[in-house]
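A.B. asks: Attaching a single structure in structure tokens format; questions to follow.
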Amino acid sequence: MIEEAKTYIESRTELRPSIGLVLGSGLGGFAAELSDSVELPYGDIPGWPSSTAVGHAGRLILGRLGDREIAVMAGRAHLYEGYAPAQVTFGVRVLRRLGVRSMVFTNAAGGINRELDQGGLVLISDHINLQGSNPLVGPNDDSCGPRFPDMSEAYSREFRQIAAKVAAELCIPMTEGVYAAMLGPSYETPAEIRYLRAIGADVVGMSTAAEVIVASHMGMKVLGISCVTNMAAGILPQKINHEEVLETGRQVQETLVRLLKAVLPQLAEAAQ
Ligand code: HPA
């Protein structure tokens with residue numbers, strides 16, 4: 001199926017991107033920045049899972065950012081939708097087969113660290129996978145990567161340094177933090193958030209970890225950015241609702257787009 005998806009995408013465009021970007025909940029706006037773009041609804045690509053989550057557009061866009069060719073996944077499949085780990089990571093595998101060597105993952109997340117503000121951005125330094133699954137379970141494809149891949153720098157230090165520098169230049173506040181990946185779809189309980197804080201998590205979300213494991217296994221360099229759409233359960237005396245998550249995502253979008261526009265060319269440069 002991966003090969004079929006690759007062949008289909010290659011038949012629709014001459015663009016051959018070396019960098020990929022995944023846009024999370026309510027963060028789909030970046031796609032409008034691309035020129036000469038081709039939009040492929042996920043439903044048209046063989047084997048590609050269509051995203052059912054509200055706020056996820058569900059299309060692959062290939063286009064140019066300046067003179068760089070880039071692949072943007074606007075919307076992703078989640079484990080909580082009932083998709084298998086192989087489906088959640090399908091897009092990353094296809095992009096790698098298309099020649100993508102660097103990936104940027106964005107997501108909406110709850111802020112666990114009390115120093116964080118709603119609407120802020122967090123540079124993911126590492127993750128804790130609590131989703132109860134690993135996308136590499138099963139026979140290992142040795143042509144992709146090793147059976148027991150190292151994960152000690154899953155989020156490239158070099159990419160983080162570049163992103164932090166660019167953010168500082170643009171006066172966009174962005175601290176580093178650890179992302180805890182939960183299965184969802186229920187938000188966490190306050191006790192779970194206390195537990196996540198105790199084990200070293202700064203933000204919590206329901207995506208990204210599986211995709212980063214696969215990208216890392218395939219030798220791709222990864223940058224991760226969380227958008228703190230809400231403070232995690234029990235921190236503020238109010239309930240969490242998905243509407244608020246999407247609304248904050250929309251508000252942060254402009255800042256995120258500004259950051260990504262400046263960061264992506266530099267990542268592409270560094271990865272050459
Ligand atoms: N928890 C889990 N996932 C999330 C949250 C949250 O508080 N906010 C946005 N995605």
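A.B. asks: Taking all pairs of different Cα atoms in the range 170-250, averaging 1/r and flipping that mean, what Kirkwood radius in angstroms comes out?
C.D. replies: This gives a value of 14.2 Å.
A.B. asks: Hey, another quick one. Working from Cα positions, state the angle (0 to 90°, nearest 10) between the long axis of helix 242-271 and the longest principal axis of the chain.
C.D. replies: Between the helix axis and the principal axis of the chain, the angle is about 50 degrees.
A.B. asks: Okay, which of the range 238-272 sit inside 18 Å, backbone N to the point 7 Å along the Cα-Cβ direction of E153?
C.D. replies: Only 267-272 fall inside the zone, counting backbone N under 18 Å.
A.B. asks: What is the distance in Å between the Cα centres of the range 146-211 and the range 61-112?
C.D. replies: The range 146-211 and the range 61-112 have Cα centres separated by 16 Å.
A.B. asks: I would also like to ask the following. With the cut-off at 22 Å, report for the range 2-270 the share of all Cα pairs above it, as a whole percent.
C.D. replies: 52
A.B. asks: Quick check for me: using +1 on Lys/Arg Cβ and -1 on Asp/Glu Cβ, what's the dipole size of the chain about its Cα centre, in debye to the nearest 20?
C.D. replies: Dipole size: approximately 160 debye.
A.B. asks: Take the solvent-accessible surface of the protein heavy atoms, probe 1.4 Å, and return the percent of it on the chain that carbon and sulfur atoms account for.
C.D. replies: The value for the chain is 50 percent carbon and sulfur by accessible area.
A.B. asks: Could I ask something else about it? Treating cross-link reach as a plain straight distance, find the lysines whose alpha-carbon is under 30 Å from the alpha-carbon of K165, omitting any fewer than eight places away in the same chain.
C.D. replies: Of all the lysines, those that pass the test against K165 - Cα under 30 Å, at least 8 places apart if same chain - are K221, K261.
A.B. asks: Can you list the residues, at least 5 places off or on another chain, whose amide H is less than 5 Å from the amide H of M103, using H built in the peptide plane?
C.D. replies: G20, K221, V222, L223
A.B. asks: Starting from the 7 Å offset along Cα-to-Cβ, what nm value, one decimal, do you get for the label separation of S50 and S186?
C.D. replies: Inter-label distance under the simple model: 3.0 nm.
A.B. asks: Order of 92-101, 64-73 by packing, highest average Cβ count within 10 Å first?
C.D. replies: Going by the mean number of other Cβ atoms within 10 Å, highest first, we get 92-101, 64-73.
A.B. asks: OK, next. In Å², what does the accessible area per residue of the chain work out to with a 1.4 Å probe?
C.D. replies: I get 43 Å² per residue for this part.
The values are calculated or read from the model by the stated rules, or taken from the named source; none is laboratory data. All values reported here derive from a predicted model rather than from experimental measurement. We place every Cβ from the backbone using ideal geometry, glycine too, and count neighbours over all the protein chains shown. Quick note on the areas: whole protein, heavy atoms, side chains included, nothing else; ligands and nucleic acids left out. Shrake-Rupley method; radii C 1.70, N 1.55, O 1.52, S 1.80 Å.
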